[in-house]
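> The structure that follows is given in the form of structure tokens.
Quick note: the coordinates plus some simple rules give every number you see, no bench work behind them. Computed from a prediction, not measured in an experiment: that's the story for all the values here. Positions of Cβ are generated from backbone atoms using ideal geometry, with glycine treated the same way; all protein chains shown enter the neighbour counts.
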Amino acid sequence: MPNYSRLGWGYRSSVGLPYSRGGTVRYSLADKSGVWIRPRLPNISANTNRSKAVRAAVRKAALLPFVFVMYAYATGGPFGLEDMVTTSGPGLTLLYHLFIPLFWCIPVSLVAAELTTAIPVEGGFYRWVRAAFGDFWGFQAGWWNWSASFLLAAAYAVLTTDYLSFCFPAIVGWKHHLVSVLIIAAIAWINVRGIQMVGAVSTVLEIFVLLVVAALCAIAATKWHHNPFSPLVPPHVPPFQVFGAGLALGLWLYSGYEQVSSVAEEVENPQRNYPIALAIVVPLSMATYFLPTMFSLAALGDWQKWHTGYFSDAARLIGGPWLGFAMTIAAMVTNVSLLNATVLTSTRMPSTMAEDGYLPATFAARHPRHGTPWIAIIVSSMICVLLAQKTMVQLLTVYVWLRIGVTILTVLASWRLRKTQPDLPRPFRIPWGRAGLLYVVVAPLVMSVVALVASDPFARRWGPLPVLLGPVMYLVLRRRKMAA
């Protein structure tokens, strides 16, 4: 790893580089005059020795558990796509899972691989955007991501409880919310203990899910009786419903591959392991969605009956009660795993923004034993508890707007940093030269425009509100920082 310590360190400006402090890769920004600025960092610990002890307490994740953390955050399992089959049709659903990755998660993954190897810092994409475009847009990336995480984590807690209520019908009303609260509290405790604990839990949970899904595919393949691509789209259904709803759901399913960059400093050799993890997780995610959907449709041919949680019904019809029960457990496990990884990646955002002076210094406080941003984890979990009273559909509809905003800024940062920091060491580079760089920027932009234009009226009404809140919060917090 190059030694960036000679560059100094600071945080006001539009041009950025990583720097080394205490053996840990940190972050450096220069102002427009090229003068490196030493900031007043939050007083996280009482003395330097304690600060070093806290950093040393952070246990780093090896490649295998990191692969499962990334897979758990970005995919987790095939659950959640079932409504695409009835709204968009079985044929178009399968085509979506073949082509959306080409315009969404694959280009975003290439950007994440290049920038993580170049700037492997805590906060990941937030600091990439800040290095590329300055404080304002960097703040938007961090704030939008943190806001989106509340909605996403709450949605996973609600969905986990929904699946649990299939087995225990008495879980309704206030009991439903209470179970969601307990799930969030348990995940918060795991995350306070660090990424190694999160990685171990994710590995065990996801191996179980993959085994159940593989069993479904193997048994269904022996019962192939129907054309899974027929019909291509539902007959007599408005085009808006066919294309818009399915596309929005597809973007949600294939989002998040750049998000795990926020814990780059907690991964062993991130410059090597992050690209390898992406190379494993992206095709695994595509197979996780495409194969069980195709085999289930080929075996049953009942695309009109697909609904949220239908994979449990399909497993029961294909393999018997034992497989149906195992699939229901796998669905619950998937959502717990997704929630686990979401809390891990998103809570590094407020702690990093606090280190940069945009949030109260309390959010940057590290647990003395585990080295995790424990206050940020607890506060974020409490907000998720409040939002867990909403339905999953309501939460995800607004989430998509925030996710698109963060993704656009991230891919544009790769283009900008190629211009402003051409000599920055990049152990992994986006392939195919200028054509490759154009691809990773244009493809997500086109997909984002199509998704927003095709979104439903509820999304167009409420989605822009949390996006517009970002600039307002920047002005409020910037004034507060200048007055301090």
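> What distance in nm lies between label points placed 7 Å from Cα along the C-beta direction at His225 and Thr420?
Between His225 and Thr420, the simple spin-label model gives 6.1 nm.
> For Arg478 paired with Ile276, estimate the spin-label separation in nm (one decimal), with each label point 7 Å from Cα along the Cα-to-Cβ line.
Taking the simple label geometry, Arg478 and Ile276 are separated by 4.2 nm.
> Please say if the stretch 78-198 is rounded, prolate or oblate, where rounded means a/c under 1.5 for a ≥ b ≥ c the square roots of the C-alpha gyration tensor eigenvalues, and otherwise the choice is prolate for a/b larger than b/c and oblate otherwise?
Values: a/c = 2.40, a/b = 1.29, b/c = 1.86.
Oblate shape, in that a/c is at least 1.5 and b/c is the bigger or equal ratio.
> Please give the peptides 139-145, 204-210 ranked by average Cβ packing (other Cβ atoms within 10 Å per residue), highest first, as a rough proxy for protection.
Numbers: 139-145: 26.9, 204-210: 18.7.
Packing proxy ranking, top to bottom: 139-145, 204-210.
> From the Cα gyration tensor of the stretch 122-173, with a ≥ b ≥ c the square roots of its eigenvalues, which class applies: rounded if a/c is under 1.5, or else prolate if a/b is larger than b/c, or else oblate?
Cα axes put the stretch 122-173 in the prolate bin.
> Rank by packing, highest mean first: peptides 444-450, 79-85, with packing defined as the count of other Cβ atoms within 10 Å averaged across residues. Before the final figure, lay out each step's value.
Working: 444-450: 17.7, 79-85: 24.3.
Packing proxy ranking, top to bottom: 79-85, 444-450.
> If you count, for each residue, the other Cβ atoms within 10 Å and average over each peptide, how do 184-193, 350-359 line up from highest to lowest? The partial results should precede the final answer.
On the way: 184-193: 20.2, 350-359: 24.5.
Packing order, densest peptide first, comes out as 350-359, 184-193.
> OK, next. Please give the Cα centre distance for the stretch 78-116 versus the stretch 143-179, rounded to the nearest Å.
Their Cα centres are 24 Å away from one another.
> Let me ask something additional. In whole Hz, with x marking every Gly and Pro, tabulate ³J(HN,Hα) for the stretch 410-421 from phi via Karplus 6.51 cos²θ - 1.76 cosθ + 1.60, θ = phi - 60°.
For the stretch 410-421, the Karplus curve yields 5, 5, 5, 5, 5, 5, 5, 6, 4, 7, 8, 10 Hz.
> Using the basic label-point model (7 angstrom from Cα toward the beta carbon), what is the Trp189 to Ile378 distance in nanometres?
Going by the 7 Å Cα→Cβ label model, 1.5 nm.
> I need the shape label for the stretch 295-335. Rule: rounded when a/c is under 1.5, else prolate if a/b > b/c, else oblate, with a, b, c from the alpha carbon gyration tensor.
Oblate, since a/c reaches 1.5 and b/c is not below a/b.
> OK, next. Amide H of Glu122: which non-local residues (sequence gap of 5 or more, or other chain) have their own amide H closer than 5 Å, using H built in the peptide plane?
Close amide H contacts, sequence-distant or interchain: Glu265.
> Moving on to the next point. Looking at the stretch 410-484, which chymotrypsin sites (Phe, Trp or Tyr not before Pro) are in a loop (DSSP not H, G, I, E or B) and have at most 13 other Cβ atoms within 10 Å?
Counting only loop positions with at most 13 other Cβ atoms within 10 Å, the chymotrypsin sites (Phe, Trp or Tyr not before Pro) in the stretch 410-484 are Trp432.
> Here is a follow-up. Sum up the charges of everything whose Cβ sits under 14 Å from the Cβ of Trp432, counting Lys and Arg as +1 and Asp and Glu as -1, but leave Trp432 out. It would help to have the intermediate numbers written out before the result.
Details: positive: Arg418, Arg429, Arg434; negative: Glu114.
Around Trp432, the charge tally is +2.
> What is the extension gain from Leu182 to Asn269, computed as 0.36 nm multiplied by their sequence separation minus the C-alpha to C-alpha distance, in nm to one decimal?
On the way: separation 87, 0.36 × 87 = 31.32 nm, distance 3.47 nm.
The span from Leu182 to Asn269 would gain 27.9 nm if fully extended.
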